[in-house]
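Undergrad: Below: one structure in structure tokens.
The values are calculated or read from the model by the stated rules, or taken from the named source; none is laboratory data. Remember, it's a predicted structure, so these values are computed and weren't measured experimentally. When we count neighbours, we look across all protein chains shown, and the Cβ atoms used for this are built from the backbone with ideal geometry, even at glycine. We work out accessible area using only protein heavy atoms, side chains counted, and drop any ligands, DNA or RNA first. Shrake-Rupley method; radii C 1.70, N 1.55, O 1.52, S 1.80 Å.
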Amino acid sequence: TPGGHRTWTVPNAGAPAQVLHITGPGVATIAAQSSCRVFRATSDQSITANTITKIEFNSETYDNQGEFDPTTNYNFTATVAGKYMVNAFATLTDTAANDNVNIFIYKNGSAHSDVVQADAKGGTFSIGICDIVTLAVNDSVDIRIRNATNNDSVDSGTTVTWLNIHKV
């Protein structure tokens, strides 16, 4: 094809469907690759001091394969095995000076990754985490948070408390 572009298609319910496109410089686009972006949309979520709490991401920006549950379990369940980039960010509204805050990536109900930060000033505090997680079909991922010292609230809003997961 012109410029060295290549596209692969396969039959899908009797009609061809594009599955892979590679440009001349080698940039690959995979149609409908497993990915989602979700966020906490409704009111702030209360968390109890020194209690690891699942963040209830209850709205989706996108979910290409319908793998995220924004209403019941608030987790991502892989439909395809592979490595997934997991990025999460949370904003807490009621931290006190010197509170220790953890954010966790949980895989199948157990901690996979953990970031801890101390809030030097108190007030509104943000924390993020990023890791690559190997998932089998039906493995699940969720995000949890803990303020080790005080009760707190996870702020709601598409730009302040969010999660994205992309198969890599």
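Undergrad: When you scan the stretch 149-166, do you find a residue that is open to solvent by 50 Å² or more (accessible area, probe 1.4 Å) and among the small types (Gly, Ala, Ser), even just one?
TA: no
Undergrad: Then there is this: Could you tell me which residue of the stretch 69-93 is nearest to residue 164 (Cα to Cα), considering only residues that are among the aromatic types (Phe, Trp, Tyr) and open to solvent by 10 Å² or more (accessible area, probe 1.4 Å)?
TA: Across the stretch 69-93, the extreme among qualifying residues is 89.
Undergrad: Just give me the residues in the stretch 79-111 being of a type outside the set (D, E, K, R), touching a residue at least 60 places away in the same chain (Cβ under 8 Å) and in contact with a Ser or Thr (Cβ under 7 Å, 6 or more places away or on another chain), in sequence order.
TA: Across the stretch 79-111, the qualifying residues are 80, 89, 90, 91, 92, 93.
Undergrad: Here's a follow-up. Restricting attention to the stretch 112-147, report how many residues are open to solvent by 40 Å² or more (accessible area, probe 1.4 Å) and touching a residue at least 60 places away in the same chain (Cβ under 8 Å).
TA: Number of matching residues: 3.
Undergrad: Can you tell me which residue among 119, 155, 69 is among the acidic types (Asp, Glu) and over 24 Å from residue 35 (Cα atoms)?
TA: Among 119, 155, 69, only 119 is among the acidic types (Asp, Glu) and over 24 Å from residue 35 (Cα atoms).
Undergrad: List the strands (runs of 3 or more DSSP E) inside the stretch 74-157, counting only whole elements, that have at least 2 residues being of a type in the set (Lys, Arg) and under 17 Å from residue 54 (Cβ atoms).
TA: Fully inside the stretch 74-157 and qualifying: 140-147.
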